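Trainee: Next up is a structure, given as C-alpha cells.
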Amino acid sequence: MLNTLISELRRAPVLDDPGRILQAHSVERRFLVIAALFLLVNTLSLWILRGDVADFWHGLAWGACAVFGHLVLNWRLPDRDPLLFPLAMFMAGWGIIAISRLQPPFADRQSIWLIVALCGMLAISWTRALLRLMRAFRYLLLFGGLAVLAVTIQVGINPSDPEGVFGAPALWIALGSLYIQPSEGLKIILVVFLASYLAEQYPTLRAEGLHTGRGRITVSPRILGPIALMWGLCVVVLVWQRDLGTAALFFIVFLVLLYTATGYTFIVYSGVLMLGAVGVIAYQLFAVVRLRIDIWWNPWLEAEGRAYQIVQSLMAFAAGGVFGQGIGQGAPGFIPVVHSDFMYAALAEEWGLIGALAVLVCLAVFSTRGIRIAIGQRGKPYQTLLAVGLSTLIAAQSLLIMGGVLKLIPLTGVTLPFFSYGGSSLVVTFLITGLLLRLSAREV
Amino acid sequence: MAFGRELHRLLIALLLMFMGIGLAAAYWAVTGPDALLDREDNPRRVLADAAVRRGAIFDRGGEALVRSFPQQDNTMRRVYLYPETASALGYFSQRYGAGGLEAAFDTALRGADRPINLSEALTAQLLHRPQVGSDIQLTLDVDVQRTVAQAMAGQRGAAVVMAIPSGQILSMVSLPTFDPNRLDADWNTLTADPGNPFFNRVLQGRYQPGAALQTPLIAAALLLDQPLDVEYRSASQPYALDGLQLECAVRLPPLSLSLREAYSFGCPTAFAAFAQNIDAGVLQATFDTFQLDLRPLIDGAVSTSDPLSNAPVEIDDANYLQNALGQGEQTVTPLSMVMIAASLINDGNTPYPTLLLGTRPPDSDSWLATLPSAPTIPFTTLETASRLQDLMRAAVAEGAAQNAGRPNIDIGGHTALAYSGDTTLAWFIGFATLGGRDAAAVAVVLEGSGDAGLAADIGGTALQAAGRALRQSGS
C-alpha cells in the first residue's frame, strides 16, 4: 500500500491536449485574479475604516494559498475543472474578510484553518489512489466515523457553552484548545460509503426494487436496509445531539443518492413525507425543534425574545437593501452568532442584495459544476454517485442555512459552506473541493 | 447513460431551489426597508440616533448652553454647560429620549426639518454621514437665568421673566431640578422623586392663584368705576373660607383698609366684601378677558396632549366667592401670571411669549430668524393698565412688595398668598420699566412658603438682572 502511494506521488500525469489544458489554467488564473482584486478592495476599505493594518496578513496568506494551490494543481491535476478552485478560494477569502469585520480575533484562526484546508485539498488531489482506497475501506471508514460520533455523544461539548448550562448542542470534541466537530467529517465518510454501496447495488436495485406485477408493490430489502441504517443514524444525531441541521443534511444527501442510483421518484416523495413525519414527532418531543418551528412560523410575536435572531437576520437583509451598507458600515453585530450560522445575513447587510446574489451564484455554480462532473463520469457509477453526493452536500447545506436565515424554512444550525467561521467546516468543504477536483480530472 | 435522467432532474431542482433563495433575498431587500426597518425594535434605529450630530443650543447673547461632542465609538455625548438652565432646557438621552425644550425643538436639533435633495441624500447614504442638526438660539439669557436660579436656591417653585414689548422669555426657572449630564445614572431616582423635577412648573404648573387674582379684580373694579378708597372694617384680619384662614401677604394689626390699601398688602377680606358688589357674570368676563384658562404654548414647548390642560371654569353663584378669592377651581400657570404683569406695562396688551430667536443650519454661519411673534393680546384698557401700574408701584414703595424694590429702577409689583391643600403658596408678579417702551415682567411662585416678602425679593432680583441684560443687548 505504501509503495503504491509513493509511486503515485512520483508519477506526473500525462497530458493529452496541452493547448486546451493551458487555456483552462488561464481561465482559473483569471478567476483567481478577479477574486484577489475583490478581496483587496475590501481589505483596503476595512483598513481605511479601522486605521490599522493588523489584518493584512490574512490577505497575504490568502494570496500565497491561491498561488501555491494553483501551481500544485497545475502540476498534479492539469486537466481539472477550472472553476472549482477559484470559487472555493474566492468564497473562503470573502468569508475571512467578513469574519475579520465581524469578529476580528476569529479571522486569525480562520486564516490558519484556510492553510490547513488547502493542504488537505492538495493532499487529496495529489493522491490518485485515494478514491479507490476509500472505496476499499468503506466499512472501516464508516465504523470509524460512527465510533467518533459515539465518542462525541459521550464527551462532546459546545465551545460557547462548555458547562452545558444553556443546553446548546454539544457537537465538538476538545483537543487541548482545539475544537473539532466530528459530524463535519462524517459527512464525507457517509457520502463515500453510500456512493460505493449504491454503485455496487444499483443494477440490482433498478432491476428488482419494485415488483409491480399483479398490482403489488414491494420494496426490496436492499433499499430498506440502507434506509433503516440512515434513518437510525439521523435519529441518533437528532436525539442525542439535538443537531437538527446535520440530521436533515444526512437524510437529504441520502435521499438524493438513493434516487440517483435507483431512479425511483417515489423515493423522493416518500423521503419528503418521512422528513415531515420526523419533523412532526420531533416537534412534539424536543423543545429545541418546537422552538425552531414556532419562531419560523411567526417570529413577529417574539421579535425581542426567542425570535430575536431571525428577526434581526431579516432586518439585516432589509438594511442592506440592493447595494448594501458597505463593509464595516452596517450593524450585523446585532444578530447573535452572526459569524457562524448567520453569515449570509451579515453578507447581505454589508454587500446588499447584489452581494447576497453573488454568494448564491457562487454556491450554485460550485454545486452544479459538481453535478456536471458527475454527468461527465460516464460508466463509472461509484465516481458519479460520489460527485453527486459531494455536490449535494454543499448545495443542501447552503440551501438549508440560506433558507433558514431568510425564513423560508425553519432554522437548522448548519454553517454556510466556505463563508462561515469554523475550522472543521472549512477543512471539510476544501476536502470536498479536492475530491471534486480529483473526480473532474480526466485520468481518474 | 446511467443516471443521466436523474442527474439532469437533480440539476434543475437545485437551480430552482437556488432561484427560490434568490427571490426570497430580493423580497426582503426590496420590501424590507419599509416593512422592517421602521419597527420600534430595530436596534439600527438606536444606532443611527446615537450618531446624529445634534445641534447646539445658545442663549440670546450667543453663549452656548448645550453642545454635543463626538466620542470614540462614533456616538455623541450631550453636555449641558450651565446647570441652572436645566429646568428650562430639559434633557436629551440616548436611553430616555428628550424632554422639555430639547423635545420641543427636537426636529430642528436633529436636522429632520431641513429639506434634503437627492444628491445630498445619496452622498449621505453612500458615505454613511451622520445626520447633522441645526443649532438653535433661544431668547433665554444665561445671566438672568443664573441670577434667578441662585435667588431661588433651596426653594420649590417657579419664576419666569419676560422682555417687553418683544414677549421674549429671558428666564424660566423651575425647582426642584435635575442634572441632565447625569440623567442616565439618576433616572430612577428622578422619576421616583415626589417633587417631580422633570415638570416645568413655569409652563405646566397649575397653581391656586389666591390673592394674586386681586390684580384682575382691581382691573374689573376700575372698569366698573367702583371706588377704591371706601374703607372696609377689620380688612387686615384673616378671612375664613371653607375652613381656610386667608391671610394678608404681611402680618398687620387689626385695621380698616380701602381696596387700594388691601391690594397693596395682598389682604383678602376687603376683596371678599368687594366681590359682593359684582356678580358671577362680571367675574367670569374678567377671568375670560385675562385669559386665565389659556394655557400658553411657547412654540410648542409643551405637548398639547398634556393631561394638565383643563377645561374652562364655569363660575356660578355656588363657586363664585371661592373663585373670586383665587381658592376655587380656577388655577393659573406662572406664564399666565407674567402675561398679566406684561399687559399692564404694555398699554393693556400682553405680548405673546416666545422662546426661539433663530436657527442655524449645520453648513451655515448665519442665523435664520424665526418669524415675528404672534400679535399682542388685549387684556385691559390703557387707562386701567396705567392705574394698575401706579397701584403696583405703591405696593413696592410702601406695601407688602417692598422687598422687590431696587435703587434707581422703576419697579411695580404685587405679592400675595394662596392656599393649596395644606401648603401655602407665595406669589409675586411685577414689572420694571427700562426707558422708552422697553420693560421686563416677572412672575414668581414659591411652593410651601408663606413668605411673600421672599417672593417679592426674588422678583426684584429677577427684574434687576433682566434690566441689566436688556440694556446690555440694547447697547
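Trainee: Between the helical axis of B:280-289 and the dominant principal axis of chain B, each derived from Cα atoms, what acute angle in degrees is found, rounded to the nearest 10?
Mentor: The two axes meet at around 50 degrees.
Trainee: Another question, if that's okay. Need one word for chain A: rounded, prolate or oblate. Basis is the Cα gyration tensor (sqrt eigenvalues a ≥ b ≥ c); a/c below 1.5 gives rounded, then a/b vs b/c decides. Could the numbers behind the result be given before it?
Mentor: Details: a/c = 1.67, a/b = 1.07, b/c = 1.55.
Oblate is the answer for chain A, as a/c is 1.5 or above yet b/c matches or exceeds a/b.
Trainee: Which of B:169, B:257, B:367 sits closest to the plus end of the dipole of chain B, meaning its Cα is farthest towards the positive end, when Lys and Arg get +1 and Asp and Glu get -1 on the C-beta?
Mentor: Comparing the listed Cα positions along the dipole, B:367 ranks first.
Trainee: Mean separation of Cα pairs under 8 Å and 6+ residues apart, divided by the residue count of chain A: what relative contact order is that in percent? Before the final figure, lay out the partial values.
Mentor: Values: 612 pairs, mean separation 95.3, N = 444.
Normalised by residue count, the contact order of chain A is 21 percent.
Trainee: Taking the Cβ of residue B:2 as the centre, find all other residues whose Cβ is under 15 Å away and add up their charges (Lys, Arg: +1; Asp, Glu: -1). Each step should come with its number before you reach the end.
Mentor: Values: positive: A:206, A:378, A:380, B:5, B:9; negative: A:200, B:6.
That works out to +3.
Trainee: While we're on this one: First measure r as the distance between the Cβ atoms of residue B:51 and residue A:75, then evaluate 1/(1 + (r/R0)^6) with R0 = 35 Å and state the FRET efficiency to the nearest 0.05. Write down the numbers at each step before the final one.
Mentor: Details: r = 53 Å, r/R0 = 1.51.
Efficiency, rounded to the nearest 0.05: 0.10.
Trainee: Something else: For the stretch B:41-121, evaluate the Debye formula with one uniform point scatterer on each Cα (no solvent term) and list log10 I(q)/I(0) at q = 0.18, 0.21, 0.23 Å⁻¹, rounded to two decimals.
Mentor: -0.82, -1.07, -1.21
Trainee: Averaging sequence separations of C-alpha pairs under 8 Å and six or more residues apart, then dividing by the length of the stretch A:352-430, give the relative contact order as a whole percent.
Mentor: Numbers: 66 pairs, mean separation 14.9, N = 79.
Relative contact order of the stretch A:352-430: 19 percent.
Trainee: Residues with amide H under 5 Å of residue B:358's amide H, sequence separation 5 or more or different chain, H placed in the peptide plane at 1.01 Å from N; which?
Mentor: HN-HN under 5 Å from residue B:358: B:137, B:370.
Trainee: Based on the inverse mean of 1/r over its pairs of different Cα atoms, what is the Kirkwood hydrodynamic radius of the stretch B:1-48, in Å? Don't skip to the end; give the middle numbers.
Mentor: Numbers: mean 1/r = 0.0733 Å⁻¹.
After inverting the mean inverse Cα-Cα distance, the result is 13.6 Å.
Trainee: Can you figure out the FRET efficiency of residue A:207 with residue A:277, using R₀ = 35 Å and their beta-carbon distance, to the nearest 0.05? Please list the in-between numbers first.
Mentor: On the way: r = 29 Å, r/R0 = 0.84.
Approximately 0.75, to the nearest 0.05.
Trainee: For B:91, A:344, what's the fewest-to-most ordering of other Cβ within 10 Å of each Cβ?
Mentor: On the way: B:91 25, A:344 29.
Least to most surrounded, the residues fall as B:91, A:344.
Trainee: How large is Rg/Rh for the stretch B:69-165, to two decimals, with Cα atoms and a Kirkwood Rh? Provide the component values of the computation, followed by the final result.
Mentor: Details: Rg = 17.4 Å, Rh = 16.2 Å.
Rg/Rh for the stretch B:69-165 comes to 1.08.
Trainee: Toward the positive end of the charge dipole of the protein assembly as shown, about the Cα centre and with charges on Cβ (Lys, Arg +1; Asp, Glu -1), which of A:171, A:71, A:441 goes farthest?
Mentor: Among A:171, A:71, A:441, the one farthest towards the positive end of the dipole of the protein assembly as shown is A:441.
Trainee: Suppose a student asked you for the relative contact order of the stretch B:1-144, using Cα pairs under 8 Å spaced at least 6 residues apart; what percent would you report? Mind showing how you got there, number by number?
Mentor: Numbers: 162 pairs, mean separation 35.2, N = 144.
This gives 24 percent for the stretch B:1-144.
Trainee: Working only with C-alpha atoms, what are the Rg and Dmax values of the stretch A:386-444, expressed in angstrom?
Mentor: 13.1, 44
Trainee: Above 17 Å lies some portion of the pair distances; for the stretch B:220-269, what is it as a whole percent of all C-alpha pairs? Don't jump to the answer; show the numbers that get you there.
Mentor: Numbers: 422 of 1225 pairs.
For the stretch B:220-269, the share of Cα pairs beyond 17 Å comes to 34 percent.
Trainee: First obtain the Kirkwood hydrodynamic radius of the stretch A:356-401 from its Cα pairs, then insert it into the Stokes-Einstein equation at 20 °C and 1.002 mPa s, and state the resulting D in µm² per second as a whole number.
Mentor: Working: Rh = 10.7 Å.
Estimated diffusion coefficient is 200 µm²/s.
Trainee: Could you give the Stokes-Einstein D for the stretch B:362-465 in µm² per second, using the C-alpha Kirkwood radius, 37 °C, 0.692 mPa s?
Mentor: Working: Rh = 15.4 Å.
Once the numbers are plugged in, D ends up at 214 µm²/s.
Trainee: Still on this structure, I have one more. Dipole size in debye (nearest 20) for chain B around its Cα centre, Lys and Arg Cβ +1, Asp and Glu Cβ -1?
Mentor: Values: 31 positive and 48 negative charges, 328 e Å.
Its charge dipole is roughly 1580 debye.
Trainee: Which residues' amide hydrogens lie under 5 Å from the amide hydrogen of residue A:325, considering only partners 5 or more residues apart or on another chain, with H built in the peptide plane?
Mentor: So residue A:325 has HN proximity to A:350, A:351, A:352.
Trainee: Turning to a different aspect of this structure: At q = 0.09, 0.11 Å⁻¹, what log₁₀ I(q)/I(0) does chain B have when each alpha carbon counts as one equal point scatterer in the Debye sum?
Mentor: The Cα Debye sum returns log10 ratios of -0.64, -0.88.
Trainee: Based only on the alpha carbon positions, what is the Kirkwood hydrodynamic radius of the protein assembly as shown, in angstrom? Walk me through the numbers before you get to the answer.
Mentor: Details: mean 1/r = 0.0295 Å⁻¹.
Result for the protein assembly as shown stands at 33.9 Å.
Trainee: Rank the residues B:119, A:313, B:386, B:264 as a footprinting-exposure proxy: fewest other Cβ atoms within 10 Å of their Cβ go first.
Mentor: Numbers: B:119 8, A:313 30, B:386 15, B:264 27.
With the fewest neighbours first, B:119, A:313, B:386, B:264 line up as B:119, B:386, B:264, A:313.
Trainee: Just order A:112-124, A:25-37, A:255-267, B:184-196 by mean Cβ neighbour count inside 10 Å, highest at the front, would you? Present the calculation step by step, with values, prior to reporting the outcome.
Mentor: Values: A:112-124: 19.5, A:25-37: 15.8, A:255-267: 21.2, B:184-196: 12.2.
So the order, starting with the most tightly packed, is A:255-267, A:112-124, A:25-37, B:184-196.
Trainee: For B:8, A:70, B:414, A:339, what ranking results if the residue with the fewest other Cβ atoms within 10 Å of its Cβ goes first? Please report the intermediate quantities before stating the final value.
Mentor: Values: B:8 12, A:70 17, B:414 34, A:339 25.
Lowest to highest Cβ neighbour count: B:8, A:70, A:339, B:414.
We did not get these values from a lab; they are worked out from the coordinates using the rules stated. As the structure is a prediction and not an experimental result, all values here were calculated from the model. Glycine gets a Cβ as well: all are built from the backbone with ideal geometry, and neighbour counts include every protein chain shown.
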